[in-house]
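Structure record follows, encoded as structure tokens.
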Amino acid sequence: MLEFKDNVAHGYKRYGLRINALQSREKPCSTGRVDFRNGVPGESTDVNKPILSVFENFLAFNCRDNGVQAEKMGHTLFKNMQLLENRLGGIIVHTTNFTSKAFPVILEDILVVGHSTDNDHGKDEVHPDEKQSGVILPTTEEIRVKNIQFVNFEKNFTNCFQTCAMCQNGDFLTTGGTHYELEGITFVGSVHQKIFFMG
């Protein structure tokens, strides 16, 4: 799959869009492994070049978990998305195993709204231990975030970015640091809350 465009998800019990193990390549039927991010021997990007997969013009609102959940990702562009009032997160990119510096996961031109005045989720009373995050960043590297606007992330259970996706689950712990590239981040009605929540 190379393109996903002009779709809407509303009120799903889990995810508006879930992607698991997407690594588009020039030779998709090759038997060689390409998990070069985790030290697994396999084909380099010189041998089997990644192809950019594009997810564009997507609206997800009021989903129970995340507007978008992406796992085991290759070279992918998420562009021009509106992620509104999703209960746990706007977008979570769990792992970027099948990327490299030249072929990253890119989040670009995305609006993430924590809540509106009409829909406050009642989370202070109903789920006091749950956090709501706009963008949940991966345990791996090679992700670029550009032109993201956060609106109304000012409640005590909200934060704009969360690092180390799924680190609360002991199966996904990571060691060392992780490098993220962020550019053009803006905040509306989010000035009194945490920008980053670590893990």
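For residue 65 and residue 5, FRET efficiency with R0 = 30 Å and r from the beta-carbon atoms, rounded to 0.05? Plugging the Cβ-Cβ distance into 1/(1 + (r/R0)^6) gives 0.85. Taking other C-beta atoms within 10 angstrom as a stand-in for reagent exposure, 54, 47, 135 fall in the order 47, 54, 135, fewest first. Extending 7 Å from Cα along the Cβ direction at residue 13 and again at residue 57 yields two label points whose distance is 3.2 nm.
Sorting 103, 157 from the fewest to the most surrounding beta carbons within 10 angstrom yields 157, 103.
Annotation: amide H of residue 25 within the under-5 Å range of 51, sequence separation 5 or more or interchain, hydrogens built in the peptide plane. Listed cross-link partners 72/131; 72/155; 72/146; 101/155; 27/79 are compared with a 29 Å cut-off, the Cα-Cα value being larger for 72/155; 101/155.
From least to most packed, judged by other beta carbons within 10 angstrom and beginning with the fewest, 13, 5, 79 follow the order 13, 5, 79.
Scalar couplings 3J(HN,Hα) for the range 65-78, obtained by applying the Karplus form with A = 6.51, B = -1.76, C = 1.60 to θ = phi - 60°, are 9, 10, x, 9, 10, 10, 10, 6, 9, x, 4, 9, 10, 9 Hz; x denotes Gly and Pro.
Laboratory data are not the source of any read-out in this text; all were calculated from the coordinates shown. Values in this document were obtained by computation on a predicted structure and should not be read as measured data. Positions of Cβ are backbone-derived with ideal geometry, glycine not excepted, and every protein chain shown enters the neighbour counts.
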